[in-house]
């Protein structure tokens, strides 16, 4: 599956509308490195709220990092929107949820693509739904083109 630039902006418009319809006012958007950076920045502009990058990867050399201010913000009741390109296995969001603990109730998750075939995490906002058991192919996002 290829997600073109046009597909991307349709997805962003859809996510933006879902977030507006939820009537939640977020304090910041956090984009998960690497796939969530571009959609996170664009959503932060559309929502007119600050953006923060978060390095958190279970795949790329197993780096894990959450800037301390994000955890502190969540503990003090600020509403955070975490953005990633895909919620695939759900493990990334689950490990972040475990790091935040009880404060995760102030954190919502948005993604461009949601793999409904996993049962660890259901994002709060998504654009496209796939089932990896039926569609195992890699998803190519336009910004990954070489």
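Filtering segment 73-110 to residues that are at positive phi and touching a helix residue (DSSP H, G or I) at 6+ places or on another chain (Cβ under 9 Å) leaves 77, 101. Does at least one position in segment 124-144 carry a residue that is in a loop (DSSP other than H, G, I, E, B), surrounded by fewer than 20 Cβ atoms within 10 Å (Cβ to Cβ), within 14 Å of the chain's Cα centre (by Cα) and modelled with pLDDT of 90 or more? There is at least one residue in segment 124-144 that is in a loop (DSSP other than H, G, I, E, B), surrounded by fewer than 20 Cβ atoms within 10 Å (Cβ to Cβ), within 14 Å of the chain's Cα centre (by Cα) and modelled with pLDDT of 90 or more. In the set (1) in a helix (DSSP H, G or I); (2) modelled with pLDDT of 85 or more, residue 89 fails one condition alone, (1).
Mind checking whether some residue in segment 72-83 is within 14 Å of residue 29 (Cβ to Cβ) and surrounded by fewer than 18 Cβ atoms within 10 Å (Cβ to Cβ)? Yes, segment 72-83 contains at least one residue that is within 14 Å of residue 29 (Cβ to Cβ) and surrounded by fewer than 18 Cβ atoms within 10 Å (Cβ to Cβ). Scanning segment 98-123 for residues that are crowded, with 17+ Cβ neighbours inside 10 Å and assigned to a helix (DSSP H, G or I) yields a total of 4.
Among the residues of segment 22-42, those identified as surrounded by fewer than 16 Cβ atoms within 10 Å (Cβ to Cβ) and either at pLDDT below 90 or part of a helix (DSSP H, G or I) (or both) are 22, 41.
In summary, residue 45 fulfils each of the numbered conditions (1) in contact with a helix residue (DSSP H, G or I) (Cβ under 6 Å, 6 or more places away or on another chain); (2) assigned to a helix (DSSP H, G or I); (3) farther than 15 Å from residue 128 by Cβ with the single exception of condition (1).
The values are calculated or read from the model by the stated rules, or taken from the named source; none is laboratory data. Keep in mind that this is a model prediction, so the values were computed, not measured. So basically every Cβ, Gly included, is an ideal-geometry build from the backbone, and we count neighbours across all protein chains shown.
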